Amino acid sequence: MGMIFKTVLAFCVGWGVLYAAQHYWLTAMTAQIAENSGLQLTPPAPAFPTIEIDPVKMRQAINPPITIDTRQYERLAIESMTRDIVRQNNEAMARARAAATPPYIPGLPRH
């Protein structure tokens with residue numbers, strides 16, 4: 001039982017010493033880096049450039065004012081309606097001519 005206890009104790013002590021050595025080494029390296037990082041080779045630049053937004057210009061850029069001249073399309077609509085009326089009148093006259101023709105009997109006068 002003493003041998004197992006000594007082995008576990010040695011393992012724990014070794015692990016603790018290794019952890020402490022790594023921790024102190026990391027702390028020392030971090031401190032040295034923090035000391036030497038004060039050297040500025042380039043001038044500091046802002047992380048993000050300042051942006052000024054004009055809401056009126058933004059609104060006009062997103063929804064620009066549009067003027068649509070509808071006179072041409074109104075004229076086309078009126079001409080289309082006129083063609084429809086003329087076509088309907090022609091079809092009605094053609095039906096009237098075809099339906100109202102009396103039979104032709106030779107020698108019988110038409111009045």
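Only the coordinates and a few stated rules stand behind these numbers; no lab work does. Predicted, not measured: the structure shown is a model, and the values here were computed from it. FYI the Cβ positions are ideal-geometry reconstructions off the backbone, even for glycines, and counts take in every protein chain you see.
Any idea how far apart I78 and A96 come out in nm if each label point goes 7 Å out from Cα toward Cβ?
According to this spin-label approximation, the distance is 2.7 nm.
How do V8, V56 line up, fewest other C-beta atoms within 10 Å first?
The order, fewest Cβ neighbours first, is V56, V8.
Within a 10 angstrom radius of the beta carbon, how do R71, R95 rank from fewest other beta carbons to most?
Listed from fewest to most nearby Cβ atoms, that is R71, R95.
Please quote Rg/Rh for the chain to two decimal places, taking the Kirkwood radius as Rh and restricting both calculations to Cα atoms.
Working: Rg = 50.4 Å, Rh = 27.2 Å.
Radius of gyration relative to Kirkwood radius: 1.86.
What's the angle, to the nearest 10 degrees (0 to 90), between helix 71-99's Cα axis and the longest principal axis of the chain?
So the inclination is approximately 40 degrees.
Report, in deg cm²/dmol and to the nearest 500, the calculated mean residue ellipticity at 222 nm for the chain, where each DSSP H run with n ≥ 4 adds -39500 (n - 2.57) and the sum is divided by the residue count.
Using -39500 (n - 2.57) per qualifying helix, the result is -23000 deg cm²/dmol.
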